[in-house]
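The values are calculated or read from the model by the stated rules, or taken from the named source; none is laboratory data. Note that the structure is a prediction, hence the values are computed from the model and not measured. Glycine also receives a Cβ, built like all others from the backbone with ideal geometry; neighbour counts cover every protein chain displayed.
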């Protein structure tokens, strides 16, 4: 168990506190001059991996991001939060790898690093796809535990508790396995100044995505035609009683 290596996928996204604006022309959202940060669900996955290492259940935590060179900043944050080393799978400037491309790159990296456990956030807050973990497990033919709210490692296996519509589901998966982190798995720590300084000296490897893909990825199956700002919210109106409220709702087509 002491030699167990955990690979954690992290994604660079527009910060959750930023009000996203549609870019001129409607072809996307404004990203220039906008604060970016580590995807919150990826941060939860990273925190769980670091806790596993601190408990002696894992030996090494490797953070990996698939994207442009700007993702190095995100990886440095991951190193400051406790990752031992980082790998940037660089897809080139202007590239926007989707879940399929990210999963393919991660699968190629798994073949090189041979981790026994892969932890990912259940979804990214920019596209909300919730696909990368499932795609990766299928590509590797590994067991998967999605939306994990509790993780416990044991000899050759991992126990996962996950929230489902009917309550809680408990799984026991043989290692190696892929897990995706839910919101209630843990509360991530803050990066301290000493750890931020130490992160600058931790190893960060850059690998070309083309080396891991093997061949150029297939063209994306989805294409954004246009983005529009949501309509401005109208003002409210007072009504005298329930009957008047029902009448207004019927006239507006709400019921």
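For this structure, a couple of remarks:
- Residue match in segment 203-210 (condition: assigned to a strand (DSSP E or B) and more than 27 Å from residue 71 (Cα to Cα)): no
- When the test is whether a residue is within 30 Å of residue 90 (Cα to Cα), loosely packed, with under 13 Cβ neighbours inside 10 Å and touching a helix residue (DSSP H, G or I) at 6+ places or on another chain (Cβ under 8 Å), residue 226 does not pass it.
- Scanning segment 64-73 for residues that are assigned to a loop (DSSP other than H, G, I, E, B), out of contact with any helix residue (DSSP H, G or I) (no Cβ under 8 Å at 6 or more places or on another chain) and under 30 Å from residue 231 (Cβ atoms) turns up nothing.
- From 109, 119, residue being in a strand (DSSP E or B) and either at pLDDT below 95 or under 28 Å from residue 196 (Cα atoms) (or both): 119
- Taking strands (runs of 3 or more DSSP E) as the structural unit, those lying wholly within segment 1-62 and holding at least 1 residues that are touching a strand residue (DSSP E or B) at 6+ places or on another chain (Cβ under 8 Å) and under 14 Å from residue 179 (Cβ atoms) correspond to 5-9.
- Being farther than 29 Å from residue 198 by Cβ, free of Cβ contacts under 8 Å to residues at least 60 places away in the same chain and buried (at least 23 other Cβ atoms within 10 Å of the Cβ) is a property that residue 103 has.
- Residues of segment 141-191 satisfying the condition of being touching a residue at least 12 places away in the same chain (Cβ under 8 Å), over 20 Å from the mean Cα position of the chain (by Cα) and part of a loop (DSSP other than H, G, I, E, B): 155, 156, 175
- Pairs linking a residue in segment 232-244 that is surrounded by fewer than 10 Cβ atoms within 10 Å (Cβ to Cβ) to a residue that is modelled with pLDDT of 85 or more, with Cβ atoms under 7 Å and 6 or more positions apart or on different chains, do not occur.
- Condition check for residue 248 on (1) at pLDDT 85 or above; (2) farther than 24 Å from residue 46 by Cβ; (3) part of a loop (DSSP other than H, G, I, E, B): one failure, at (3).
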